[in-house]
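Let me begin by presenting the structure, written as structure tokens, before commenting on it.
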């Protein structure tokens, strides 16, 4: 029973990651008929929306928009590639730049929480390392429960970040990127369903992270019982 439960949890955590990877790879074939690369489209869109100061850069740390450096960063395959995945992902990241430029509150909230979560994650690690040491020194169950409780509360911040992130990503994909591609005629009508699939994958990239955070939180919360 325990083994089946562990397999179920593993499947829930891994399947979204596998689905995202499968979707991006499915539409990653080079399309010589497309007028430009993902990086070139990103640059064009940023200029079109009066964001010439936002940079377009290549990265090996995953596609993302950096609101601090004002930079759209794309993996090599999406920066240099002429594929539906490259086009859709580049437009999705430009959509985040638009959210930032327009001062949309959810993106700003996500950014503040993400910065705070970097510190709480470190704090949680310290607390969980300290828990058994403290228990051995103090020999007090109450002290152990208190330390674990603080660690769980710190981990909960990461869960909140992922919950805030999801509507930000959905907005970027379907309220901004898809209309841009459709209304601007950047893709042929027959390519829009594939672009929609890629944009859905881009939006739900963080679901796997949310599930992992929830699993970790649940595991540590059980120690409080």
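Taken over segment 54-63, the criterion of being surrounded by fewer than 16 Cβ atoms within 10 Å (Cβ to Cβ) and in contact with a helix residue (DSSP H, G or I) (Cβ under 7 Å, 6 or more places away or on another chain) is satisfied by 58 alone.
Does residue 171 count as at pLDDT 80 or above and in contact with a helix residue (DSSP H, G or I) (Cβ under 9 Å, 6 or more places away or on another chain)? It is true that residue 171 is at pLDDT 80 or above and in contact with a helix residue (DSSP H, G or I) (Cβ under 9 Å, 6 or more places away or on another chain). Scanning segment 67-85 for residues that are surrounded by 21 or more Cβ atoms within 10 Å (Cβ to Cβ) and without any contact (Cβ under 8 Å) to a residue 60 or more places away in the chain yields a total of 7.
From the list 14, 51, 46, which one is at pLDDT below 95 and surrounded by 11 or more Cβ atoms within 10 Å (Cβ to Cβ)?
Every option except 14 fails the conditions.
The values are calculated or read from the model by the stated rules, or taken from the named source; none is laboratory data. On a predicted model such as this, the values are computed, not experimentally measured, just so you know. Note that each Cβ is placed from the backbone with ideal geometry, even for glycine, and that neighbours are counted across all protein chains shown.
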